[in-house]
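In what follows, a single structure is set out as structure tokens and then discussed.
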Amino acid sequence: MKIILDRGKCGVLGICESVAPEFFEVTDDGDIAVLREDVPADRIAELEEAVQACPTEALRLAP
């Protein structure tokens, strides 16, 4: 699975970072950085939670 971030929808609220800090980071310039695009099988549930928590629906997982 891969993390897909739609930067046009992202409100940089940082909820994804709070749910999955090893995968997302709010940068010093006020953007979201995807730290790891590939999602190991044992971390899919954590990333699904981050996707669901995103209020702007800027995140999704793709095969």
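The values are calculated or read from the model by the stated rules, or taken from the named source; none is laboratory data. As the structure is a prediction and not an experimental result, all values here were calculated from the model. Every residue, glycine among them, receives a Cβ derived from its backbone with ideal geometry; neighbour counts consider all protein chains shown.
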*Do any residues in region 5-20 that are within 8 Å of Ala58 (Cα to Cα) have Cβ atoms under 8 Å from those of residues that are of a type outside the set (S, T, N, Q) and not in a loop (DSSP other than H, G, I, E, B), where the two are at least six apart or on different chains, and which pairs are they?*
Leu5/Ile32; Leu5/Val34; Leu5/Leu59; Asp6/Leu59; Asp6/Arg60; Arg7/Ile32; Cys10/Ile32
*Given the structure, is Ala41 within 8 Å of the chain's Cα centre (by Cα) and of a type in the set (Gly, Ala, Ser)?*
no
*asked:* For region 19-40, which positions are of a type in the set (Gly, Ala, Ser) and modelled with pLDDT of 95 or more?
replied: Ala20, Ala33
